[in-house]
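Each value in this text was obtained by applying a stated rule to the coordinates, not by laboratory testing. As the structure is a prediction and not an experimental result, all values here were calculated from the model. Methodologically, a virtual Cβ is constructed for each residue, glycine included, from the backbone with ideal geometry; neighbour enumeration extends over all protein chains shown.
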Amino acid sequence: MAHLWLRDDADTWAVLPLEGAKVELADIPVPLGRALGASSDAPLSPLLVRTSEGTRPEWALVASASSGVSIDGVPLRTGLRVLADRTEVHIAGAGSVFFSEERLPRVEVPASLGQAGRCPRCDQPIEVGTPLVRCPKCDVAHHQSDELPCWTYHNSGCALCSRPTDLDAGFQWTPEDL
């Protein structure tokens, strides 16, 4: 699930999952949102809008050219920008947030498999009703059960892209990495 990294009241980085079809940045209950909401003469608050559905939805930022918004250090002059993973959104006078598309690995039992196909670790078919983990990086499904622990197999990494497979590892990237 896409999310924003933002500073909380303790001035530490926190995650805000992006749910629904839109998120108005002035409505978020942290210093950034309060700074945006307190400015009565400011242009409309920047808005995040989900532009597609599915396992990897895209998000766009909508803001007026006079809003003081910059994306990765470049002023937003067109009023619209599709966001990419690890994009910094800076709002003059309010601060910065970072957009992230990184998902955490989780065991799921999907009702349909779509294009799950075969597990890349054991090369067996993935059947409906089988617990699996979709790699957050490459989106490839791996078995994950007591009988077939293909995702967590020796924490050796995804069979295709080497993303770490510890289910409790947390996010692989934070703004503190900058």
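Residues whose amide H comes within less than 5 Å of that of VAL140, counting only those at least five positions distant or on another chain, are CYS135 (H built at 1.01 Å from N in the peptide plane). For the pair LEU104 and ASP27, a Förster radius of 22 Å applied to the C-beta separation gives a FRET efficiency near 0.35, rounded to the nearest 0.05.
Using θ = phi - 60° in the Karplus curve 6.51 cos²θ - 1.76 cosθ + 1.60, the 3J(HN,Hα) couplings for region 67-84 round to 7, x, 8, 10, 10, 6, x, 10, x, 7, 9, 8, x, 8, 8, 6, 8, 10 Hz; x is entered for Gly and Pro.
Backbone geometry of region 118-133 corresponds, through the Karplus equation with coefficients 6.51, -1.76 and 1.60 at θ = phi - 60°, to 3J(HN,Hα) couplings of 10, 6, x, 7, 9, 6, 9, x, 9, 8, 4, x, 8, x, 8, 10 Hz, x marking Gly and Pro.
With +1 on each Lys and Arg Cβ and -1 on each Asp and Glu Cβ, how big is the dipole of the chain about its Cα centre, in debye rounded to the nearest 20?
The calculation lands at about 460 debye.
Amide H to amide H distances under 5 Å link GLY157 with THR165, where only residues 5 or more positions off or on other chains count and H is placed in the peptide plane. Within the chain, the longest segment free of exposed loop sites, counting trypsin sites (Lys or Arg not before Pro) that fall outside DSSP classes H, G, I, E and B and have at most 13 other Cβ atoms within 10 Å, spans 1-76.
Take the eigenvalues of the Cα gyration tensor for the chain, scale each by 5, and report the square roots as semi-axes in whole Å, largest first. Working shown, then result.
Numbers: eigenvalues 280, 53, 34 Å².
The equivalent ellipsoid of the chain has semi-axes of 37, 16, 13 Å.
Our estimate of slack between SER112 and ASP8, defined as 0.36 nm per intervening residue step minus the Cα-Cα distance, is 33.6 nm.
Using only side-chain charges placed at the Cβ, +1 for Lys and Arg and -1 for Asp and Glu, the dipole size of region 77-156 relative to its Cα centre rounds to 380 debye. Using DSSP to call loops (not H, G, I, E or B), can you name the GluC sites (Glu not before Pro) in region 56-136 whose Cβ has at most 11 other Cβ atoms within 10 angstrom? Those satisfying the criteria are GLU127.
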